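A.B. asks: Below is one structure. I have some questions about it.
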Amino acid sequence: MGNVPCRSKTVTIQKWEPVADIALIGLAVMGQNLILNMNDHGFVVCAYNRTTEKVDNFLANEAKGTKVVGAHSLQEMVAKLKKPRRIMILVKAGKPVDSFIDQLVPLLDKGDIIIDGGNSEYQDSRRRCLALAEKNLLFIGSGVSGGEEGARYGPSLMPGGNKDAWPHIKEIFQSICAKSNGEPCCDWVGGDGAGHFVKMVHNGIEYGDMQLICEAYHIMKSALGMDNEKMSEVFDEWNKGELDSFLIEITANILKFKDDSGEFLVEKIRDAAGQKGTGKWTAISGLEYGTPVTLIAESVFARCLSALKDERVKASKELEGPREVRYQGDQQEFIESIRKALYASKIVSYAQGFMLLREAASEFNWKLNYGGIALMWRGGCIIRSVFLGKIKAAFDKDPGLNNLLLDDFFKKAVTECQAGWRQVVANAVLLGIPTPAFSTALAFYDGYRSGTLPANLIQAQRDYFGAHTYELADSPGKFHHTNWTGTGGNVSASTYQA
Ligand code: NBP
């Protein structure tokens, strides 16, 4: 700091030393925990937040005794950074991110790096990456998963964007992320919006995993009349086998958790699910790129239907279901069938998710490393599971694998689960228990393994009413129109794929 005389007044000019390895903007739950995680790994972090009192609070409390430094303006924050400057933004997605980027651009130099670690839309990341490249700045859009605890002790990190930035952030990211068998759950994902696209699909898959677990719980509770202790034991048992995962583990804990009055808390929670949008975006992307991510879409719609609580309560008094609501067969066998339905449906869900990744990669020319993505999700994040190790192995064995369902391990697993899975879906239908995710997974499986589907009739109908033309099975690529009624014309509509 130096004192410079200016006319009659003395103006104080701040001089800050470039001491920090990285800056982090956004001192809510994710930002604070990520900063402490970086500090634990030996990096000096400069903390900044729009509401600057939070910087002082953080330094005086959570970050007390650490090497973390604070800044009360973006100018101060930038001045405290070593070059190339690395700035990570962890604020509410959308306008706040653009607002910070706009304020940062005039303060930065060529080659400086802006990382957005929030849940941004991948199209926003594509736009930001392009716009910043034009200003000679490097942009990274990184998926961050694992919630508060992940951020603190090892999140799954999915960075994509301008690859020139990767060598400068690799060490920090791969130090602070979760590890799976010693390997970092973070690697370079791909260009522009690839990191956020992969995070979005991760979240979509998370919706699917949660819905599948809910359906298993619903059947056990309604069709088998099991109590919470018993259901918790079943989930605990499942967690020792191929379903071993964070979500199964916490479900076992949630089911047996009792509140202060000694009653099971989960049974008192209103059955109306919330959502923040990433599942919806995945389903929309599926529609956009023509990829049937049916299980994720059904999981989003299942939350929407659950949210119509008042309407459902009224309808429940009006609409009849089957008289029989309890499964009459062997309980233990049926529980095993539920496990198989869950496992097979989960395989379908991940197969669909990777189909969407492949389609987006082709659309945007991303070179995605599918095995690497499975490894990034293997630890640190909400969908972490033993199962993801099998997916990594499948892509390691065949990096060009077209569909997970065609990998030998998964093919065999689905075959072994198939009879139980069909039993569960059939019985749920008979007993009137909604299982949209189990059912759509099975419908997808049956559709995907069908060499022939009734779409010939759809094509005929389209041509009949709209002259949309059709191809003949033995000569694809050539389009025909038939005057089906003898009264229509012979002119066809233009051909295009929606
Ligand atoms: P929040 O999503 O709650 O955002 C809080 C931060 O955003 C604060 O720093 C706040 O500043 C800032 N902010 C807001 Br709100 N509006 C702003 C604006 N108009 N201009 C500038 N700053 C603004 O924090 P979070 O839960 O830590 O999540 C951070 C990001 O990480 C989000 O994108 C989130 O979706 C994502 N994420 C969260 C989780 C999780 O488990 N929570 C997991 C993975 C990813 P202020 O203090 O001045 O209000």
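The values are calculated or read from the model by the stated rules, or taken from the named source; none is laboratory data. Just so it is clear, the model here is predicted, and its values are computed rather than measured. With ideal geometry, Cβ positions are generated from the backbone for all residues, glycine too; neighbour counts draw on all protein chains shown. Each accessible area value is taken on the protein alone, full model and side chains, heavy atoms only, with ligands, DNA and RNA left out. Shrake-Rupley method; radii C 1.70, N 1.55, O 1.52, S 1.80 Å.
A.B. asks: To the nearest 0.05, how large is the calculated FRET efficiency for SER450 and SER494 if R₀ is 51 Å and r is the Cβ-Cβ distance?
C.D. replies: 0.95
A.B. asks: Counting only protein heavy atoms and using a 1.4 Å probe, what share of the accessible area of the chain belongs to carbon plus sulfur, as a whole percent? List each step's numbers first, then the result.
C.D. replies: Numbers: 12830 of 24580 Å².
Solvent-exposed carbon and sulfur of the chain make up 52 percent of the total.
A.B. asks: How are the Cα pair distances of the range 256-359 distributed, in percent, across 10 Å bins from 0?
C.D. replies: Once binned at 10 Å, the Cα pair distances of the range 256-359 give 12, 23, 36, 25, 4, 0.
A.B. asks: What angle, in degrees between 0 and 90 and rounded to the nearest 10, separates the Cα long axis of helix 331-364 from the longest principal axis of the Cα atoms of the chain?
C.D. replies: Approximately 60 degrees, to the nearest ten.
A.B. asks: If I model a spin label as a point 7 Å beyond the Cα along the Cα-Cβ vector, how far apart are those points for GLN331 and TYR464 in nm?
C.D. replies: 5.2 nm
A.B. asks: Helix 246-256 versus the longest principal axis of the chain: what is the Cα-based angle in degrees, 0 to 90, to the nearest 10?
C.D. replies: The two axes meet at around 80 degrees.
A.B. asks: Please tell me the relative contact order of the chain in percent, rounded to the nearest whole number, where contacts are Cα pairs under 8 Å and at least six residues apart.
C.D. replies: This gives 12 percent for the chain.
A.B. asks: Would you calculate the separation in nanometres between label points at ASP259 and LYS92, each defined as 7 Å from the Cα along the Cα-to-beta-carbon direction?
C.D. replies: 2.9 nm
A.B. asks: I want to check the label-to-label distance for ASP227 and THR487. Put each point 7 Å from Cα in the C-beta direction and report it in nm to one decimal.
C.D. replies: My value for the distance between the label points is 6.9 nm.
A.B. asks: So, by mean Cβ neighbours within 10 angstrom, what's the order for 191-202, 103-114 with the highest one leading?
C.D. replies: On the way: 191-202: 28.2, 103-114: 17.0.
Going by the mean number of other Cβ atoms within 10 Å, highest first, we get 191-202, 103-114.
A.B. asks: Among the trypsin sites (Lys or Arg not before Pro) within the range 20-89, which fall in a DSSP loop and have no more than 16 other Cβ atoms within 10 Å of their own Cβ?
C.D. replies: Here the trypsin sites (Lys or Arg not before Pro) that fit, given the DSSP loop and packing criteria, are ARG50, LYS64, LYS67, LYS82.
A.B. asks: Then there's this: Looking at the chain, what % of its DSSP beta bridges pair antiparallel, to the nearest 5? Could the numbers behind the result be given before it?
C.D. replies: On the way: 18 of 39 bridges.
Percent antiparallel among DSSP bridges in the chain is about 45.
A.B. asks: Ok, one more. Counting only heavy atoms of the protein chains, get the accessible area per residue of the chain (1.4 Å probe) and round it to a whole Å² value.
C.D. replies: 49 Å²
A.B. asks: Going through the cross-link list LYS230/LYS317; LYS199/LYS411; LYS92/LYS280; LYS340/LYS367; LYS240/LYS346; LYS83/LYS199, which pairs have a Cα-Cα distance over 24 Å in this structure?
C.D. replies: LYS230/LYS317; LYS199/LYS411; LYS340/LYS367; LYS83/LYS199
A.B. asks: Could you estimate the translational diffusion coefficient of the chain from the Stokes-Einstein equation, with Rh from the Kirkwood formula over C-alpha pairs, at 25 °C and 0.890 mPa s, in whole µm²/s?
C.D. replies: 96 µm²/s
A.B. asks: Within a Cβ distance under 13 Å of LYS392, other residues only, what is the Lys/Arg minus Asp/Glu net charge?
C.D. replies: Residues near LYS392 contribute -1 overall.
A.B. asks: Would you rank PHE438, PHE409 by solvent-accessible area, highest first, keeping every protein chain in place and using a 1.4 Å probe?
C.D. replies: PHE409, PHE438
A.B. asks: If you average the C-alpha positions of the range 215-290 and of the range 383-398 separately, how far apart do those two centres end up, in angstrom?
C.D. replies: 23 Å
A.B. asks: Now for a separate question. Could you order MET88, MET355 so the one with the most accessible surface comes first? Probe is 1.4 Å.
C.D. replies: Reading off the accessible areas and sorting them downward yields MET355, MET88.
A.B. asks: For a quick check of understanding: with a 1.4 angstrom probe and all protein chains in place, what accessible area in square angstrom does ASP236 have, to the nearest ten?
C.D. replies: 60 Å²
A.B. asks: Is there a quick way to get the dipole size of the range 235-277? I mean about its Cα centre, with the Cβ of Lys and Arg at +1 and of Asp and Glu at -1; what is the value in debye to the nearest 20? Display every interim value, and only then the final one.
C.D. replies: Working: 6 positive and 10 negative charges, 45 e Å.
For the range 235-277, the charge dipole is close to 220 debye.
A.B. asks: Given +1 on the Cβ of Lys and Arg, -1 on the Cβ of Asp and Glu, and no further charges, what dipole in debye does the chain carry about its Cα centre, rounded to the nearest 20?
C.D. replies: That gives a dipole near 1400 debye.
A.B. asks: Another question, then. Using a cut-off of 12 Å between beta-carbons, work out the net charge of the residues near LEU404 (Lys and Arg +1, Asp and Glu -1, LEU404 not included).
C.D. replies: Details: positive: LYS346, ARG358, LYS390, LYS392, LYS397, LYS411; negative: ASP398, ASP407, ASP408.
Charge balance in the 12 Å sphere: +3.
A.B. asks: Which loop-located trypsin sites (Lys or Arg not before Pro) does the range 337-372 contain, where loop means any DSSP state but H, G, I, E or B and the Cβ has at most 11 other Cβ atoms within 10 Å?
C.D. replies: LYS367
A.B. asks: Order the following by accessible area, largest value first: ASP102, ASP330, ASP21. Probe radius 1.4 Å; ligands, DNA and RNA are ignored.
C.D. replies: In descending accessible area the options line up as ASP102, ASP330, ASP21.
A.B. asks: Output the 0 to 90 degree angle, nearest 10, between the alpha-carbon long axis of helix 455-466 and the longest principal axis computed from the alpha carbons of the chain.
C.D. replies: 90 degrees
A.B. asks: Another one. Report SER362's accessible area, 1.4 Å probe, all protein chains in place, as a number in Å² to the nearest 10.
C.D. replies: Using a 1.4 Å probe on the heavy atoms, I get roughly 90 Å².
A.B. asks: Considering the Cα trace of the range 1-135, what is its radius of gyration and what is Dmax, both in angstroms?
C.D. replies: Answer for the range 1-135, Rg first and Dmax second: 15.8, 53 Å.
A.B. asks: Whole Å is fine, so just give me how far the alpha carbon centre of the range 314-372 lies from that of the range 421-458.
C.D. replies: 10 Å
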